[in-house]
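**Q** For reference, the structure I am asking about is given below.
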Amino acid sequence: MTNPSMRDRLRAIRPPVNELAPFDTEAAASDPRELFEQWLETAITNDVSQPTAMTLSTATADGAPSARTLLLKDLTAEGFWFASLTTAQKGADLTANPRAALTFYWPEHGRQVRVVGTVREGPRAVSERDFLARHPTARARAMAGDQSEPLPDAGTVQSRMDAARHLLALTPDFVPESWAAFVVEPETVEFWQAADGHEESRLRYRRAGGAAGTEAGTEADTAAGTDWVRERLWP
Ligand SMILES: Cc1cc2nc3c(=O)[nH]c(=O)nc-3n(C[C@H](O)[C@H](O)[C@H](O)COP(=O)(O)O)c2cc1C
C-alpha cells in the first residue's frame, strides 16, 4: 500500500535555504566540547528556534527504546546536563540501563550533533538549583503530578495543584526528592554538517581506548594532549 499524495507532499519539502557554513574537519577542535560550544553559540546567536532542545533516547534493560525532547541545562567538563523527574519513563530506563543518546538538530544551519554516553545523576545541589530556577507553575506541576502516568479527572488535578502551590507558598525552597539533574558523560560525539550539492561532512570523536576500533586506511587521529580520537565518517 502506498499513499501517493502524502509521499509527493513529503518529497516536495525542502530544507531551509540559509547559507550553510563550511565544515573544515581538519581544523576542528581537538576536544568535542569546544566544537559543540561553537556550534551551539552559532545556533543561539543566529536565532535557531529552541537551540537547546535535544532528543534523549533511552532503552529499557531488554532494549525497548524510548525518546523524548528535553532542554540542555548545562555543558561542563563532565558532559551534557538535563533535568527531570526520576519517577517517569526516562528515569526508570536510566536506572535499568544508564546508557543513552542525545541528538541535537539545528535545521537553519543543516547541523546535527549526536552524543552517546553513560548517564549519571548529578549532585543534589545541582538538582536543587535547577528546580528552584524553574517557573513556579512548572515547580508546582512537577510536585503535583506523576509525570508519564495517566492524568486523573480535572478536579483531582486541580486539588493536587492547589496543594502543591500551598506547599510552595509555605516553603519556597522546597525541592522534591524526585527532581534530578543528570549528566550524559560522552563516549562519542558526532558532528554532521549539510552542504550544497549533498556534500555533507561527518566528524566523530570517540574516547581514546574505547571499544570501537579504527579501520585500517582511515584517517583517525588522536590530537596531542586530549583523550579523543577524531575520525571522518562517510556521510
Ligand atoms: C521543547 C521541549 C522541552 C522539554 N523539556 C523538558 C525537560 O527539560 N525536562 C523534562 O522532564 N521534560 C521536558 N519535556 C517533556 C518531555 O519531552 C517528556 O514528555 C517528559 O519528560 C516525559 O518523558 P518520559 O515519559 O519519557 O520520562 C520537554 C518537551 C518539549 C517538547
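The values are calculated or read from the model by the stated rules, or taken from the named source; none is laboratory data. Quantities reported herein were computed from a predicted structural model and do not represent experimental measurements. Counting neighbours? That spans all protein chains shown, and the Cβs are built from the backbone with ideal geometry, glycine included.
**Q** Take the range 44-61 and flag every residue that is at pLDDT below 95 and closer than 21 Å to Ala101 by Cβ.
**A** Answer for the range 44-61, where residues must be at pLDDT below 95 and closer than 21 Å to Ala101 by Cβ: Val48, Ala61.
**Q** Considering only the range 18-54, how many residues are surrounded by fewer than 18 Cβ atoms within 10 Å (Cβ to Cβ) and among the hydrophobic types (A, V, I, L, M, F, W, C)?
**A** 5
**Q** Go through the range 1-50 and give me each residue that's within 26 Å of the chain's Cα centre (by Cα) and β-branched (Val, Ile, Thr).
**A** Ile13, Val17, Thr25, Thr42, Ile44, Thr45, Val48
**Q** Please go through the range 39-94 and pick out each residue that is within 9 Å of the ligand (Cβ to nearest atom), more than 30 Å from Asn18 (Cβ to Cβ) and assigned to a strand (DSSP E or B).
**A** Passing the criteria: Thr58, Ser66, Ala83, Ser84, Leu85.
**Q** Answer yes or no as to whether Ala169 is farther than 30 Å from Ala61 by Cβ, within 21 Å of the chain's Cα centre (by Cα), small (Gly, Ala, Ser) and assigned to a helix (DSSP H, G or I).
**A** Details: farther than 30 Å from Ala61 by Cβ: yes; within 21 Å of the chain's Cα centre (by Cα): no; small (Gly, Ala, Ser): yes; assigned to a helix (DSSP H, G or I): yes.
Considered against the rule, which asks whether it is farther than 30 Å from Ala61 by Cβ, within 21 Å of the chain's Cα centre (by Cα), small (Gly, Ala, Ser) and assigned to a helix (DSSP H, G or I), Ala169 comes out as no.
**Q** Here is a follow-up. Out of everything in the range 1-38 that is among the acidic types (Asp, Glu) and not in a helix (DSSP H, G or I), what residue ends up being farthest from Gly197 (Cα to Cα)?
**A** If we filter the range 1-38 for residues that are among the acidic types (Asp, Glu), which is where we start, we get 8, 19, 24, 26, 31, 34, 37.
Among the residues that remain, those that are also not in a helix (DSSP H, G or I) are: 19, 24, 31.
Numbers: Glu19: 13, Asp24: 16, Asp31: 29 Å.
Of everything passing the filter in the range 1-38, Asp31 is farthest from Gly197 (Cα to Cα).
**Q** Let me confirm something: among Phe182, Phe174, Phe191, which residue is over 21 Å from the mean Cα position of the chain (by Cα) and in contact (Cβ under 8 Å) with a residue 24 or more places away in the chain?
**A** Just a single option satisfies the conditions, and that option is Phe174.
**Q** Could you count how many residues in the range 130-148 are touching a residue at least 40 places away in the same chain (Cβ under 8 Å) and at negative phi? Can you show your working first?
**A** Filtering the range 130-148 for residues touching a residue at least 40 places away in the same chain (Cβ under 8 Å) gives 130-132, 142, 146-148.
Pick out the ones that are also at negative phi and you get 130-132, 142, 146-147.
So the answer is 6.
**Q** For residues that are at pLDDT below 95 and either within 11 Å of the ligand (Cβ to nearest atom) or among the hydroxyl-bearing types (Ser, Thr, Tyr) (or both), tally how many sit in the range 95-116.
**A** Looking only at that region, the number is 0.
**Q** Residues being out of contact with any Asp or Glu (no Cβ under 7 Å at 6 or more places or on another chain), assigned to a strand (DSSP E or B) and within 16 Å of Pro65 (Cβ to Cβ): count how many of those fall in the range 95-114.
**A** 5
**Q** Right, here's the next one. So the check is Cβ under 9 Å with 6+ separation or different chains; which pairs have a first residue in the range 77-101 that's within 19 Å of Asp146 (Cβ to Cβ) and free of Cβ contacts under 8 Å to residues at least 12 places away in the same chain and a second one that's within 13 Å of the ligand (Cβ to nearest atom) and part of a loop (DSSP other than H, G, I, E, B)?
**A** Hits for this filter: Thr95/Thr86.
**Q** Taking into account only those residues within the range 139-164 that are within 16 Å of the ligand (Cβ to nearest atom) and among the acidic types (Asp, Glu), which is surrounded by the most Cβ atoms within 10 Å (Cβ to Cβ)?
**A** Asp146
**Q** Condition check: surrounded by fewer than 13 Cβ atoms within 10 Å (Cβ to Cβ), closer than 30 Å to Leu35 by Cβ and not aliphatic (A, V, I, L, M). Does Thr103 satisfy that?
**A** No; evaluated as a whole, the condition is false for this residue.
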